[in-house]
Each structure stands twice: as structure tokens, then as C-alpha cells.
1. Scan the helices (runs of 4 or more DSSP H) fully inside the range 1-91 and keep the ones with 3 or more residues being surrounded by fewer than 20 Cβ atoms within 10 Å (Cβ to Cβ) and out of contact with any helix residue (DSSP H, G or I) (no Cβ under 6 Å at 6 or more places or on another chain).
2. State the number of residues belonging to the range 217-235 that are within 16 Å of the ligand (Cβ to nearest atom) and farther than 13 Å from PRO194 by Cβ.
3. Return the residues of the range 216-273 that are of a type in the set (S, T, N, Q) and surrounded by fewer than 24 Cβ atoms within 10 Å (Cβ to Cβ); say none if nothing qualifies.
4. List every residue pair whose Cβ atoms lie under 6 Å apart, where the two residues are 6 or more positions apart in sequence or sit on different chains, the first residue falls within the range 133-151 and is at positive phi, and the second residue, located anywhere, is within 14 Å of the ligand (Cβ to nearest atom).
5. Among all residue pairs at least 6 apart or on different chains, which show Cβ distances below 6 Å where the first residue, located in the range 21-41, is among the hydroxyl-bearing types (Ser, Thr, Tyr) and the second is within 16 Å of the ligand (Cβ to nearest atom) and part of a loop (DSSP other than H, G, I, E, B)?
6. Taking the range 1-31 on its own, how many of its residues are under 16 Å from ASP351 (Cβ atoms) and small (Gly, Ala, Ser)?
Amino acid sequence: MISSVLPTYSRAPLSFVKGEGSWLIEADGRRFLDLGSGIAVNALGHANPALVEVLTEQAQNLWHVSNLYQIPQQQALADLLVDQTFADTVFFTNSGTEALELVIKMARKYWYDRAPEGETPRHKILSFEGSFHGRSTAAIAAAGSEKMTKGFGPLMPGFETLPWGDSAALAAALDDSVAAVIVEPIQGEGGIRPLPEAELKALRAACDKTGALLVLDEVQCGMGRTGRLFAHEWAGIIPDIMMVAKGIGGGFPLGAVLATAEAASGMGVGTHGSTYGGNPLGCAVGLKVTQIISDPAFLDEVNRKAGLLRQKLEGLVAAHPEAFEEVRGSGLMLGIKCRAPNTELVLAARDAGLLLVPAADNVLRLLPALTISDDEIAEAVTRLEAAATAQTAAPKAAG
Ligand SMILES: Cc1ncc(COP(=O)(O)O)c(C=O)c1O
């Protein structure tokens, strides 16, 4: 017998009835400190009053009209994103995966329009091992991992996955047949693996040499998570195209593709669309989220709190070498590489009232709300320490 919900997830036996800032609350009143934020989605915490207000107001007036008409909330959010970033133009989606789909079309159309008469246009997309760009057929082909692709072949052609951090492999693969290179400045699902700034700069330069478009997937690392509005700003480079989702909606499904006018030049009327993408509800919320996060004073606070959390985590790792190996990541997108199994630590943390997200490479992900308080940071680290102590004590007691 199959469950009425398609059983593609292994769900924790928790069910929440309320969220308040960094906290999730069960029906019996039990409170959990949420350092997963719905996997980097609730960037401004649960039920943020400013977002509740704009969503409620919008809901009372207009939910949906379709992209057959002007949508002022969509226009305002696009204008703000263009003002705050490298981009000249924005298309709104409902998720990161949908953003990836447009990215591929945009890059291929760009080269189709430039192909000399009679020649096959460039269409190859390079990506990196350990990356995650979604679960559509194109997205799993782009990430290339067996875990996601097994049983779903034939895979969409035109993708090549390169080893992470291997500049020689990149140099060999990045030739005149490549349409675009897609990379997460910090791999999220892959285990909080940052691409060093120098490598991101080198990648930009390598793309410039052949004309390949540089696509950044900032679905997880963007929207203030690293202490800048977008993670690539730390490296001082600009992409041609960028995928955004998760945090931009603060919990309301919203994604976006940001592009330069040049990269987007092939995408005229009729080349792409979405029934819900850019709807008034999502864009009203996204506008408020982006206004709050792009405020330099807000980002300064993210950086200050990130420093505090990191310092405490470094101390914890040093004190518990039996459980933890190292802290990695940037801003409030941190990972702890574990010695003990990360999934067991997630369970022990849950018992201590702390929610974390596992990632590849035996990493625990910490993706708190950007609004987390200093006291909540201290409380989270105390609970994580309790979890580490309990988890590492358990097998000894059993043995
Ligand atoms: C870096 C990255 N890209 C793309 C996606 C896919 O986004 P969505 O789940 O909204 O389709 C994710 C989701 O985890 C992600 O982390």
C-alpha cells in the first residue's frame, strides 16, 4: 500500500502548528529552535510581522491575474532587483528548479541567435560534481549525480559535470563548444562547500575568454545569507545570469532569473512563460523581503551575528573533536563537518529541541533566520553541545 502522500520524503515525526521568528511550535506547546529555516527559505523568520502584513493586505485585494496583464508588484520587485544587482532584467518563477529551466533556455537561445549559418549552435552546459540545481529532468542532468539520476534516464543531453575545485579539468572542458557554466558560489546540498573567491574570479575570466555565459545558482546562498545581498559580491565579479529562490519569498514560493540585457537578448515575446510566476501575492512579499534584506544596516547585522555564531561553533568543534571536524561556509550559511554520523547528530539535536539540516559529505547545515538574536545563537550552540554529548555518549553506554 502506498501512502496518500507520494512517499518521496523520509519525514521527521514532527508536526508544527505555529512559527515565531526562529522558533517552531508543536500542538502540545513543545518549542524547537529552527536553524534550518525550511532549508534557507524563512530568511526573516517564521510569521515575520512585516511579511504577514503585506501578504494579508495583498490577499484582501488581488491574488492572481496572470501575466496577460500588468502586475505592479512584479514590476516594483524587478526594478528593485535591477537597482540592487548586476542584472538588467528579471523573470519570476515559483521555485529554484523553474529558474534553472529558464537559465538553460536562455543560454541556449543566446547561442542559437549567434550561430553562424549552417553550424550547430553551442548548447553544452558545464556544471560541477556535488552541485544541486533542482529535481526536474534538466536539473538532475545538470547535477549529474547517480543518486538523483538513477532510474530516470535517458538523461537530457548537453550537460557535462566536472570535478569540484579541479581547475585543470575546467580548463580542458571550457572550450568553444560550451554555452554556459553553472555554479553555486557555495554548494548547499553538496555540504556547504564554498568556491574560493580566487576560483570564482578565475572562472569568470575563463568564461570571458570563450564567451561562455557564467550562471550563478544563488538559490540557497543568495538573499543576504552570506552577509552581502548575493554571495558573488564578495568576489567582486558579476555573472551573466543568476538563479534566485528560497529566501526571496521568505516562505512564499517565489524564484527569479536575473540576467544582463546581453544574456537575455534571445528571450522575446512568446519564448517563455509561467502561469503563476510573478503573481501579486509572491511579489508583494518578495518586494518586502528584498527591501529589508538589501538595507546595508540589516546586512551589517547579518555579518555581526555570523561572526558570533562562527566563533561559538569553532569553540564547540574544538571542544568536541570526537563529534566534529571543522566549521565551513560563510555568513549565516554554515556547515559543520562531522566525525560522528551527521544524521545521528540531527536526531540528537532534535531531542535537544534544535532543528538542523543534514547535507552531503557528512555535514550538518546551519541556516538560521537572518533575524536570529544573539541569545538564540547562544541557545542553539548550547543545544548543539548537548546533542553532541548525548550522541557520542550513547554508543559507549551501549557497548
Ligand atoms: C542551490 C539550489 N539550486 C536549486 C534548488 C532547487 O530549488 P527548488 O527546490 O525551489 O526548486 C535548490 C534547492 O534546494 C538549491 O539549493
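Read the figures in this text as sums done on the coordinates, not as results from a lab. All values reported here derive from a predicted model rather than from experimental measurement. Quick reminder, even Gly has a Cβ in these numbers, built from the backbone with ideal geometry, and neighbours come from all protein chains shown.
1. 49-61, 72-84
2. Of the residues in the range 217-235, 6 are within 16 Å of the ligand (Cβ to nearest atom) and farther than 13 Å from PRO194 by Cβ.
3. If the condition is that a residue be of a type in the set (S, T, N, Q) and surrounded by fewer than 24 Cβ atoms within 10 Å (Cβ to Cβ), then THR260, SER265, THR271 are the ones that fit.
4. Qualifying pairs under 6 Å: GLY134/GLY96; GLY134/THR97; GLY134/LEU100.
5. Between residues of the range 21-41 that are among the hydroxyl-bearing types (Ser, Thr, Tyr) and residues that are within 16 Å of the ligand (Cβ to nearest atom) and part of a loop (DSSP other than H, G, I, E, B), the close pairs are SER37/LEU367.
6. Counting residues in the range 1-31 that are under 16 Å from ASP351 (Cβ atoms) and small (Gly, Ala, Ser) gives 1.
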